[in-house]
Each structure stands twice: as structure tokens, then as C-alpha cells.
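The values are calculated or read from the model by the stated rules, or taken from the named source; none is laboratory data. Every value quoted in this text rests on a predicted model; they were computed, and no experiment measured them. All Cβ positions, glycine included, derive from the backbone under ideal geometry; neighbour counts span all protein chains shown.
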């Protein structure tokens, strides 16, 4: 008798066997050259996501930086200006995610 789970199964299977919301952050080196900047951005992603987590659907979510954070605009890698810029973008992104609105 074939198993109800595993590679032979024809039933839909979840990629992750754990209930709840999973969140990952990807900050490529080409968009944020300094490690301290990448770590600061990741910390902001995790902090802002905590406020939205109860409204996220149960799934694995990945937040990926898609454009450069210019070193000329954000001279200090841990400046309040950088943190506020990241936080503002994340709040908009997560707000759209929990309301189901997608960007073009």
C-alpha cells in the first residue's frame, strides 16, 4: 500500500511541516556592500515583521532587498536615517502583504 506522504504521494504536501509564520531575510552583498549595513537591514526586517506577524497567512515568507542602499545617502551603516528609511519601506511592504495588494 502506497504511503500517504513522501515522494509517491499524490496528495498535496506542505513544504514545511511546522505550523505558523516563517520569515526569512535576504540582503545581497551587491545591494548593501558593508556587512554592518546588511545586518542592520535584516534586524529592521525582523523587528518590523513582529508587528505584522499576527496578520500574515501561515506560510514561509522571504523578504529580499531588490535595490541598492546608496553609501552616499547613508554614510553611517547604522544611522537613524538608514533605519528610518528601511522601516518606512518595510511598513509599506508588509501593509500591502497583509491586505493582499500586490505591486506591479
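Some notes on this structure:
- When the stretch 89-104 is filtered for residues that are at pLDDT 90 or above and either in a loop (DSSP other than H, G, I, E, B) or surrounded by 14 or more Cβ atoms within 10 Å (Cβ to Cβ) (or both), the ones remaining, listed by number, are 89, 90, 93, 94.
- Any hit, the stretch 7-20, residues being touching a helix residue (DSSP H, G or I) at 6+ places or on another chain (Cβ under 7 Å) and either surrounded by 10 or more Cβ atoms within 10 Å (Cβ to Cβ) or at pLDDT 90 or above (or both): no
- Checking the stated criteria, residue 58 turns out to be loosely packed, with under 13 Cβ neighbours inside 10 Å, in contact (Cβ under 8 Å) with a residue 24 or more places away in the chain and within 16 Å of the chain's Cα centre (by Cα).
- The one condition in (1) touching a helix residue (DSSP H, G or I) at 6+ places or on another chain (Cβ under 9 Å); (2) in a strand (DSSP E or B) that residue 62 fails to fulfil: (1)
- Listed conditions (1) at pLDDT below 90; (2) in a loop (DSSP other than H, G, I, E, B); (3) within 13 Å of the chain's Cα centre (by Cα) are all met by residue 28, apart from (1).
- Options 82, 65; residue that is under 14 Å from residue 25 (Cβ atoms) and modelled with pLDDT under 90: 65
- Of the residues making up the stretch 30-46, those that are surrounded by 11 or more Cβ atoms within 10 Å (Cβ to Cβ), without any contact (Cβ under 8 Å) to a residue 40 or more places away in the chain and out of contact with any strand residue (DSSP E or B) (no Cβ under 8 Å at 6 or more places or on another chain) are 31, 32, 33, 35, 38, 39, 43.
- When the stretch 66-88 is filtered for residues that are surrounded by 15 or more Cβ atoms within 10 Å (Cβ to Cβ) and over 13 Å from residue 43 (Cβ atoms), the ones remaining, listed by number, are 69, 74, 85.
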